[in-house]
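Comments concern the structure below.
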């Protein structure tokens with residue numbers, strides 16, 4: 001499995017390259033974000049996964065990830081952030097931008113390998129490029145959302161939440177399932193984090209439009225559908 005490591009700290013980069021190669025991976029190592037992005041965009045390299053630092057020269061990890069997710073060819077490429085930035089807001093930012101996992105330095109190498117193998121086992125996500133429900137249109141690759149003729153700007157987190165609900169049209173999704181898929185985190189059942197996120201999304205997606213598409217199922221969760229049976 002070809003893995004791209006983008007890490008500017010010499011000892012850490014060399015350690016990752018050597019250790020991952022000994023674990024059976026084909027490894028490319030680059031020391032700055034711009035070169036890493038160029039390799040990821042090059043079809044000849046057939047990169048399967050990226051291990052990405054945040055603090056990089058020429059182009060930081062946030063910018064690299066945003067560029068990867070904006071390009072249809074790399075939008076689904078697994079990315080694991082490996083960084084010394086361990087603040088909660090940094091982890092949340094990485095996940096909201098589209099990272100698949102986030103591991104803080106210092107780390108156990110066995111855990112890194114296990115996380116990489118887990119991401120690779122998931123395989124590429126194959127899905128329709130466009131999702132349509134009533135007058136809602138979601139362009140998955142370009143991450144654009146419209147209702148009728150109106151383009152609706154969403155944050156990365158809002159897009160991920162809407163995408164999850166729309167992918168499973170008509171299926172009631174529990175709060176814990178939404179938390180694990182959108183934030184890759186577990187929340188207590190009494191938290192209002194999910195409810196607040198849905199309210200923000202509704203203000204953009206539903207409040208100015210008809211029909212309403214995002215509905216509450218009391219005691220169960222949320223569902224996206226054009227004609228609900230018993231919505232709140």
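Every residue in segment 1-49 that is part of a loop (DSSP other than H, G, I, E, B) and surrounded by 14 or more Cβ atoms within 10 Å (Cβ to Cβ), please. Steps first, please.
So the first thing to find is which residues in segment 1-49 are part of a loop (DSSP other than H, G, I, E, B), and the list is 1, 7-9, 23-25, 31-32, 42, 46-48.
The answer is 1, 7, 8, 9, 23, 25, 31, 32, 47, 48.
Assigned to a loop (DSSP other than H, G, I, E, B), modelled with pLDDT under 95 and outside the structural domain of residue 101 (by TED's automatic domain parsing) - does that describe any residue in segment 193-202?
Going residue by residue through segment 193-202, those that are assigned to a loop (DSSP other than H, G, I, E, B) are none.
So far as segment 193-202 goes, no, none of its residues is assigned to a loop (DSSP other than H, G, I, E, B), modelled with pLDDT under 95 and outside the structural domain of residue 101 (by TED's automatic domain parsing).
Taking residue 160 and the conditions (1) over 21 Å from residue 199 (Cα atoms); (2) out of contact with any strand residue (DSSP E or B) (no Cβ under 7 Å at 6 or more places or on another chain), which numbered condition does it fall short on, given that it satisfies the others?
Among (1) over 21 Å from residue 199 (Cα atoms); (2) out of contact with any strand residue (DSSP E or B) (no Cβ under 7 Å at 6 or more places or on another chain), residue 160 violates only (1).
Tally time: how many residues in segment 1-25 are over 14 Å from residue 82 (Cβ atoms), touching a residue at least 24 places away in the same chain (Cβ under 8 Å) and more than 24 Å from the chain's Cα centre (by Cα)?
The qualifying residues number 1.
The values are calculated or read from the model by the stated rules, or taken from the named source; none is laboratory data. On a predicted model such as this, the values are computed, not experimentally measured, just so you know. Ideal geometry is used to build each Cβ from the backbone, glycine not excepted, and the neighbour counts take in all protein chains shown.
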